[in-house]
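The structure appears right after this line, and notes come after that.
What follows is calculated from the coordinates using simple rules that are stated; it is not laboratory data. All values derive from a computational prediction rather than experimental measurement. Here the Cβ is made from the backbone with ideal geometry for all residues, glycine too, and neighbour counts use every protein chain on show.
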Amino acid sequence: MTNSLTFALAVSLATTTFAAAAADHLVFEPKAKANGKHVVLISGDEEYRSEEAMPMLGQILAAQGFKATVLFSLDADGNVDPDAGGNLSHSQALDEAEAIVMSIRFRHWDDTSMERFENALNRGVPMVALRTSTHGFNFKKDSKWAKYSYNAKAKSGWQKGFGRQVLGETWINHHGKHKKEGTRGVIEKANAQHPILSGVGTIFGTSDVYGTNPLAPSTILLRGEVTQSLDSKSPAVEGKKNSPMMPIAWAREFKNTGAIPNRIVTTTMGAATDLSDENLRRLVVNGVYWGLKMDVPAKADVTIPGAWNPSNYSFKAYKKGIKPADFIVK
């Protein structure tokens, strides 16, 4: 057998073993020289196809030298089901997380999963939060986790919940017209030299701009220019909608109950289709480096490792009967 055939067979076997060993989650070992850091990526939103985006980002991070574990919301048969808001697969990975990338909406996980998430928060794990993560949790009012809910009252201890208090903002509104007006990222000039913006050019996404007013202190990185259509060449909407433009990416620190504050990066962009833009992928990857206090590459390689055709965002539009391993980009 030739060396090339031996290598091909080894890759095939490794992929098969990988899929069988991680039926409810994905693990991508470092492809480059391992940097010793473990990033856990959490998918779980009903609309923006995070179940497609997180595995792709995990593979990109593995190519950078990170170990990347991707978690999902699953149904009783082990199929990926974004509507299963109470389920988080393999939450024990959070016990080892050194950074978290999340794209979640209205989750209400079980006590064990929430305890693991809260423990990660309180030990200072940095977090990169995408799109609907600003309203990532929604628990019943009598739940022990009610303060995490996007609409939590002040008496809970976290007015407007995890989104507002930790990430810097909760759900407010669609500032741009949903599915009609796109988003063009405009770098905040005062913070143009921030490491998270290293190598980041103009971002365009087909998701609309959210209304935001990040909790101080937060460092605004990007503002969102509302465009007239979903065409990347579309001109900006005229008038008050872009004056001023809403913040769409910011960085901040959160003082948890432990000794080490969390470095937080939040962007209201992050539909799977938005992540077709390499500059948004680079912003996310840079956020991981910055969060971990590692040197941010001048221009991180965020090449997608294969054919990746993200689904358009929409409710009830996720692929049915799909296992986590089916989302590996090949």
Mind checking which aspartates and glutamates have their C-alpha under 20 Å from Lys299, skipping anything on the same chain fewer than 8 residues away? Glu188, Asp274, Asp277, Glu278
Using a Gaussian network model of the chain whose springs link C-alpha atoms within less than 10 Å, name the residue from Ala120, Ala317, Ala272 with the highest mean-square fluctuation. Ala317
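Go ahead and estimate [θ] at 222 nm for the chain from helices alone: -39,500 (n - 2.57) per DSSP H run with n ≥ 4, summed, over the residue count, rounded to 500. Show your work: numbers first, answer last.
Values: 4 runs with 59 residues, N = 330.
My calculation for the chain gives -6000 deg cm²/dmol from helical runs alone.
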Inter-site label distance for Asp111 and Asn191 at 7 Å from Cα along Cβ, in nm: 3.9
The ratio Rg/Rh over the Cα atoms of the range 150-203, Rh being the Kirkwood inverse mean 1/r radius, stands at 1.12
Expressed in angstrom and rounded, the centroid-to-centroid distance over alpha carbons for the range 307-322 and the range 64-120 is 19
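Can you give the % of DSSP beta bridges in the chain that are antiparallel, to the nearest 5? Intermediate results must be reported in sequence, preceding the final value.
Details: 24 of 43 bridges.
If we restrict to bridges inside the chain, about 55 percent are antiparallel.
Per residue and in Å³, how big is the convex hull formed by the alpha-carbon atoms of the range 160-313?
On the way: hull volume 19.5 nm³, N = 154.
Measuring per residue, one finds 126 Å³ for the Cα hull of the range 160-313.
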Per the rule of 0.36 nm per residue minus the C-alpha distance, extending Asn122 to Asp24 adds in nm 32.7 nm
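To the nearest 0.05, how large is the calculated FRET efficiency for Lys320 and Ala76 if R₀ is 22 Å and r is the Cβ-Cβ distance?
Numbers: r = 14 Å, r/R0 = 0.63.
Plugging the Cβ-Cβ distance into 1/(1 + (r/R0)^6) gives 0.95.
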For the range 38-171, take the convex hull of the Cα atoms, compute a quarter of its surface area, and give me that in nm², please. 7.6
In the range 37-139, which GluC sites (Glu not before Pro) are in a loop and have at most 16 other Cβ atoms within 10 Å, using DSSP for the loop call? Glu96
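Rounded if a/c is under 1.5, else prolate if a/b is larger than b/c, else oblate: which is the range 144-239, with a ≥ b ≥ c the root eigenvalues of its Cα gyration tensor?
Details: a/c = 2.90, a/b = 1.56, b/c = 1.86.
Here the range 144-239 falls in the oblate category.
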Apply the Karplus parameterisation 6.51 cos²θ - 1.76 cosθ + 1.60, with θ equal to phi minus 60°, to every residue of the range 48-65 and state each ³J(HN,Hα) to the nearest whole Hz, in sequence, with x for glycine and proline. 9, 6, 5, 5, 8, 6, 5, x, 4, 5, x, 5, 5, 5, 4, 5, 8, x
Under 10 Å, Cα contacts only: if you run a Gaussian network model on the chain, which one of Pro244, Pro30, Pro214 comes out with the highest mean-square fluctuation? Pro244
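For the range 129-168, compute Rg over Rh where Rg is the Cα radius of gyration and Rh is the Kirkwood radius from the inverse mean 1/r over Cα pairs. Write out the running numbers ahead of the final one.
Numbers: Rg = 9.1 Å, Rh = 9.6 Å.
Ratio of gyration radius to Kirkwood radius for the range 129-168: 0.95.
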Computed label-point distance, nm, for sites Gln159 and Ser243 using a 7 Å Cα→Cβ extension: 3.2
Rounded to two decimal places and with Rh computed the Kirkwood way over Cα pairs, what is Rg over Rh for the chain? 0.96
Could you pull out the trypsin sites (Lys or Arg not before Pro) across the range 69-160 that fall in loop regions by DSSP (anything but H, G, I, E, B) with no more than 13 other Cβ atoms inside 10 Å? Lys140, Lys141, Lys144
Give me the log10 of I(q) over I(0) for the range 230-305 at q = 0.11, 0.23, 0.27 Å⁻¹, as the Debye formula computes it from C-alpha points; what are the numbers? -0.42, -1.15, -1.29
Would you mind calculating the gained length between Asn213 and Asn309 on full extension (0.36 nm times residue separation, minus the Cα-Cα distance), in nm to one decimal? 31.3 nm
log10 of Debye I(q)/I(0), alpha-carbon scatterers only, for the range 177-223 at 0.14, 0.27 Å⁻¹: -0.40, -1.06
Separation in nanometres of the label points that stand 7 Å from Cα toward Cβ, at Glu96 and Lys141: 4.2
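When the chain is fully extended, how far beyond the present Cα-Cα distance does His178 get from Lys233, taking 0.36 nm per residue of separation? Don't skip to the end; give the middle numbers.
Details: separation 55, 0.36 × 55 = 19.80 nm, distance 1.79 nm.
Full-extension gain reported as 18.0 nm.
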